[in-house]
1. In the stretch 137-164, how many residues are within 16 Å of the ligand (Cβ to nearest atom), over 16 Å from ILE204 (Cα atoms) and touching a residue at least 40 places away in the same chain (Cβ under 8 Å)?
2. Return the total of residues in the stretch 263-294 being of a type in the set (Phe, Trp, Tyr) and surrounded by 19 or more Cβ atoms within 10 Å (Cβ to Cβ).
3. Would you pick out the residues in the stretch 190-209 that are more than 18 Å from VAL162 (Cα to Cα) and either within 11 Å of the ligand (Cβ to nearest atom) or surrounded by fewer than 18 Cβ atoms within 10 Å (Cβ to Cβ) (or both)?
4. Do the conditions hold for PHE26, that is, is it in a strand (DSSP E or B) and of a type in the set (A, V, I, L, M, F, W, C)?
5. Any residue at all in the stretch 217-226 that is within 11 Å of the ligand (Cβ to nearest atom), within 22 Å of LEU105 (Cβ to Cβ) and small (Gly, Ala, Ser)?
6. Conditions first: (1) of a type in the set (A, V, I, L, M, F, W, C); (2) near the ligand (Cβ under 10 Å from one of its atoms); (3) over 20 Å from LYS182 (Cβ atoms). ILE212 passes all but one, so which condition is the exception?
7. Can MET101 be described as closer than 17 Å to ALA278 by Cα, assigned to a loop (DSSP other than H, G, I, E, B) and either within 17 Å of the chain's Cα centre (by Cα) or within 16 Å of the ligand (Cβ to nearest atom) (or both)?
Amino acid sequence: MIELIKCHGSGNDFLLIDEMDRDYGFTEENRAELAKSLCSRETELGADGILFILTSEQGAARMRVFNSDGSEASMCGNGLRCAARYICEKLGVEEAIVETMKANLQVKKEEDLFSGVPTYNVEISPVSFRIADLPLIMDQEELIQEKIPGLSDELTFTALAVPNPHIVAIVTKDQVESDLQKELSEKVNGPNELFPDGVNVSFIRLLEKGEIYVRTFERGVGFTNACGTAMSSSSLVTCLIGENQVGDSISVYNNGGMVQCVVHKVNEHYSIDLIGNATYMYKATVDAATLKVVEKQEFNEQAAYEKLREHAQTVLGTN
Ligand SMILES: N[C@@H](CCC[C@H](N)C(=O)O)C(=O)O
């Protein structure tokens, strides 16, 4: 029997499985297979990915994230907020260090972003603009607000690794609503010569000063309600172009709700605080042999979250 929690950050939903106290004896193949089968939207659970919580020698716990196609990602911002809540509540602490594939990251409980919505602040770091770190195969060091030959004649992109790979473009409302993002994203996430490992592709719409909208096609998943590392990357890009300021809070609206991002710059190194909900939907027990849900218990937290989501939709409706 596998015990899990279905949770979400901005509607980017995950199945959280705790391997700290319980040794399920998963192999790497098992984790990838579980991600593909349990995350399938054809099944009762369905999710954008699985968060495996493990013991760590470098922090309070370790988070590994698998996309719904079975690939492992180096980071997941919305997932880290859910993992942060789980780890902090389990250990009875308000803040912790969580080990991820490439970095040990600071997480902490924050004041509720909206009444009754459990909120966590997670560090998004390290940030690299070296295109080799994505990797993006082009004959240059960085790509900041530039065209990518062979990808789009109309859009300029910024490429960054936080540390999972992202390209972001500032677009118009019409461009967000067109099929352009789907076409580009499928191109760079299929066999292609630019991004051999694929890439998360975000379109940003500038709303007001301090307010942006971000829509992301996630590598290994497809369009999701929101992507935390993408919203962090997008906030940083709006600071680079002078639209927003380092140190200021940026409200980032998405199709699943909203979060806040604060970009920091210390000694030429950027990091981003990603602040948003960590909502539990239900607890479930799954039979590992049949992958059927044998028990389910709701948390009743979604109603409070819906109020935040309605607010976000109202803001988007007027922009
Ligand atoms: N949804 C995540 C990112 C998950 C990983 C991503 N699809 C990748 O492969 O890099 C987030 O909230 O950051």
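Quick note: the coordinates plus some simple rules give every number you see, no bench work behind them. Given the structure is predicted, the values throughout are model-derived calculations rather than measurements. Reconstructed Cβ throughout: ideal geometry from the backbone, glycine too, with neighbour counts over all protein chains shown.
1. The qualifying residues number 3.
2. Qualifying residue count, the stretch 263-294: 2.
3. Passing the criteria: GLY190, PRO191, ASN192, GLU193, LEU206, LEU207, GLU208, LYS209.
4. It is false that PHE26 is in a strand (DSSP E or B) and of a type in the set (A, V, I, L, M, F, W, C).
5. There is at least one residue in the stretch 217-226 that is within 11 Å of the ligand (Cβ to nearest atom), within 22 Å of LEU105 (Cβ to Cβ) and small (Gly, Ala, Ser).
6. With respect to (1) of a type in the set (A, V, I, L, M, F, W, C); (2) near the ligand (Cβ under 10 Å from one of its atoms); (3) over 20 Å from LYS182 (Cβ atoms), ILE212 is out only on (2).
7. no
Yes/no matrix, rows are residues, columns are (1) small (Gly, Ala, Ser); (2) buried (at least 20 other Cβ atoms within 10 Å of the Cβ):
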position	(1), (2)
LEU91	no, no
LYS109	no, no
ASP112	no, no
PHE129	no, no
ALA132	yes, no
LEU136	no, yes
GLN140	no, no
